[in-house]
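Below is one structure, written out as structure tokens; the observations come after it.
Readers should treat all values here as calculations from the given coordinates under stated rules, not as data from a laboratory. Quick caveat: nothing in here was measured; it's all calculated off a predicted structure. No Cβ is skipped: glycine too gets one built from the backbone with ideal geometry, and neighbour counts run over all protein chains shown.
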2 protein chains.
Amino acid sequence: VKLKIGFQGELGAFSQEAAGQLLGRDTQVIPFPSFAEVFDALASRKTHAAVIPIENTLHGSVYENYDHLLNHDFRIVAETNIRIIHNLIAPPGVAFKDIRRVYSHPVALNQCLDFFKANPAIEKVPFYDTAGSVRMLMHEKLTDAGAIASSVAANIYQARILKKSIEDDRRNFTRFFLLNGYRDVPSRKQERNVWKTSLVFTTRNAPGSLFRCLSALALRDLSLTKIESRPLRGRPWEYLFYVDFIGREQDENVQNALHQLREMSDFLRVLGSYPRGD
Amino acid sequence: VKLKIGFQGELGAFSQEAAGQLLGRDTQVIPFPSFAEVFDALASRKTHAAVIPIENTLHGSVYENYDHLLNHDFRIVAETNIRIIHNLIAPPGVAFKDIRRVYSHPVALNQCLDFFKANPAIEKVPFYDTAGSVRMLMHEKLTDAGAIASSVAANIYQARILKKSIEDDRRNFTRFFLLNGYRDVPSRKQERNVWKTSLVFTTRNAPGSLFRCLSALALRDLSLTKIESRPLRGRPWEYLFYVDFIGREQDENVQNALHQLREMSDFLRVLGSYPRGD
């Protein structure tokens, strides 16, 4: 049986590209309308694994997915970074000079403002989804419109890329996690030597409490690669901290750090230990 | 001369509501299509101040605005938190039973999924902007459509609220900063006693470097209210850290902390010291 991988979005979404990078193409990818449904499908064993975006270099962390990670008990087993490349896509036979309107998700349209400034006759039309806008073009057989989406979306819906990489900022990367459900998912990246561990903890209301918690890592020379705080709603002065650091959960120094962190925090959950992604 | 306040979005956007909370209604609010233009207008003295969103409880930090803060030299002089309340809005005379389609920004549509589940006959139609969708309804005199937007937008465009607060999650707050340009902006909140300071620093590549930097605050019992890391592009293992803490820049212990932090970081910029917002 092929591995069933859930993700949010339409077929051709960047999450699907991440799934391909993490697990190869020999899987069955299953799109869901919302992140909540991606997690629910994994919990009810309709899927074997899930690929979720966790942060973007321009937009920051996807808090909603951190919340889902906290509310479920899945483990992060791999990560990867995908460069978000926006392409101008149209049905076969439609030339650039024919294009009057371009459909895409508003976030994607707003990331290609230089293109629209250079082509003022082309109208931006907001649509629900980047890949979905390509599907709509093909389905409606539009001859004067294009879409902005990934090259994967162009492939899936057999559309043509008219202009590659029309995004304003090339430093647009999204980091994805691969989550394990009730079956072990072999990741392509398991041969890597450098491991990362992600965890979340809360501290009580006292100055220096974060500092004491971080000493658990600093005293063992464990390098942080991400830290982020989030206020606990309804509990002023208490915070959730999301921390990533270099090290594998099984390592002795990591075990010792976790021991101290468990002592000094109110609540600690290790979200996963996984090979560092590209 | 009335204070000119720049913000991103259409008239009626949540940023305008934040501007009202921070400065009262006796100002001239000037909408801009992008955050970059909001900052440019402040730099070229077309506006006296700007109101920008910096983080949302569901979506996380607005990294783009942190970037603009770094690239310009404005000071944060106040903050406020706005609860994001989505209302179903229609032109006067249009009743709920007449509504077949609802226009709004896709993010707003996605935050009202329970409403659409309960009303399956109503179609979601993505639009560029929440407030802009109300303006369009009124301009086009649509009699079978509604929009999802703020109550401020309903007021400005003289539309009616048919259903209040149809958002799925009430814990949806956005934090806004008021930025000072070349003229002192009197903030409504200056009488507050509790001050916050926001700063950004970078550290070099060494385990424990963040820990040493945070000791500057912890050794003076200064309470962190936010910490967030962001990788420096092209410089692996070097990070920008955004930190907010309770304290005023002029306080002696804060001055001492900044002195140590300047020594232990590679780069430090105080973004502002301001009364804690609601």
Spread of Cα-to-Cα distances over 10 Å intervals beginning at zero, given as percent, for chain A | 6, 27, 28, 22, 12, 4, 1
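When the dipole is taken about the Cα centre of chain B, and only Lys, Arg (+1) and Asp, Glu (-1) are charged at their Cβ, what size is it in debye, to the nearest 20?
Values: 36 positive and 31 negative charges, 77 e Å.
It works out to roughly 380 debye.
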All lysines inside 16 Å of B:Lys2 as judged from Cα atoms, apart from same-chain residues fewer than 8 positions distant | B:Lys46
What net charge is computed for the residues neighbouring A:Ser229, neighbours being all others with C-beta under 10 Å from the C-beta of A:Ser229, Lys and Arg scored +1, Asp and Glu -1?
-> -1
Crossing angle, helix B:252-264 versus chain B [Cα axis fit, 0-90 degrees, rounded to tens] | 80
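Please state the charge dipole magnitude for the protein assembly as shown, taken about the Cα centre, from unit charges on C-beta atoms (+1 on K and R, -1 on D and E), reported in debye and rounded to the nearest 20.
That gives a dipole near 440 debye.
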Listed with the fewest Cβ neighbours within 10 Å leading, B:His86, B:His68, A:His259 appear as A:His259, B:His68, B:His86
Report the one residue of A:Ile161, A:Gly181, A:Ser215 whose Cα lies farthest in the direction of the positive end of the charge dipole of the stretch A:102-224 (charges on C-beta: Lys and Arg +1, Asp and Glu -1; origin at the Cα centre).
-> A:Ser215
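Which of the residue pairs A:Lys97/A:Lys117; B:Lys124/B:Lys163; A:Lys97/A:Lys124; A:Lys4/A:Lys226 have a Cα-Cα distance greater than 27 Å in the structure shown?
Working: A:Lys97/A:Lys117 16 Å; B:Lys124/B:Lys163 16 Å; A:Lys97/A:Lys124 16 Å; A:Lys4/A:Lys226 30 Å.
Those over the limit are A:Lys4/A:Lys226.
Counting residues in the protein assembly as shown as N, plug N into 2.2 N^0.38 Å and put the Cα Rg over that result.
Details: Rg = 24.1 Å, N = 556, 2.2 N^0.38 = 24.3 Å.
Against the empirical 2.2 N^0.38 Å value, I get 0.99 for the protein assembly as shown.
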Using a basic spin-label model with each label point 7 Å from the Cα along Cα→Cβ, how many nm lie between B:Asn155 and B:Phe173?
-> 2.1
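What is the local net charge at A:Thr197, summed over the other residues whose Cβ is closer than 10 Å to its Cβ (Lys, Arg +1; Asp, Glu -1)? Before the final figure, lay out each step's value.
Working: positive: A:Lys196, A:Arg248; negative: A:Asp244, A:Glu249, A:Asp251.
So the environment of A:Thr197 carries a net charge of -1.
Could you give the length gained on full extension between B:Lys164 and B:Arg101, defined as 0.36 nm per residue of separation minus the Cα-Cα distance, in nm? Write down the numbers at each step before the final one.
On the way: separation 63, 0.36 × 63 = 22.68 nm, distance 1.72 nm.
Length difference between fully extended and current span is 21.0 nm.
Just to be sure I understand: if I project the alpha-carbon convex hull of the stretch B:1-114 onto a plane and average over all orientations, what area do I get in nm²? Spell out each step's value before the answer.
Details: hull surface 35.7 nm².
Over all viewing directions, the stretch B:1-114 projects a mean Cα-hull area of 8.9 nm².
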Starting from the Cα coordinates of the stretch B:51-119, work out the convex hull volume and express it per residue in Å³.
-> 132
Please list, or write none, the aspartates and glutamates whose alpha carbon is within less than 12 Å of the alpha carbon of A:Lys196, excluding same-chain residues fewer than 8 places away.
-> A:Glu79, A:Asp244, A:Glu249, A:Asp251
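Sort A:Asp168, B:Asp278 so the one with the fewest other Cβ atoms within 10 Å of its own Cβ comes first.
Neighbour counts put them in this order, fewest first: B:Asp278, A:Asp168.
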Final fewest-first order of B:Tyr63, A:Tyr274 on the 10 Å Cβ neighbour count is B:Tyr63, A:Tyr274
Folded to 0 to 90 degrees: helix B:130-140 orientation relative to chain B principal axis, Cα | 30
Where Lys and Arg each count +1 and Asp and Glu each count -1, what net charge lies around B:Val51 among other residues with Cβ under 12 Å from its Cβ?
-> 0
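Averaged across A:57-63, how many Cβ atoms of other chains sit within 10 Å of each residue's Cβ atom?
Values: counts 4, 4, 6, 11, 6, 3, 7.
Per residue, the average neighbour count from other chains is 6.
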Quick one, what does Rg over Rh come out to for the stretch B:30-183 if you take C-alpha atoms and the Kirkwood Rh?
-> 1.03
Can you give the % of DSSP beta bridges in chain B that are antiparallel, to the nearest 5?
-> 75
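So for the protein assembly as shown: antiparallel DSSP bridges make up what percent, rounded to the nearest 5? List each step's numbers first, then the result.
On the way: 93 of 123 bridges.
Looking only at bridges with both residues in the protein assembly as shown, the antiparallel portion is about 75 percent.
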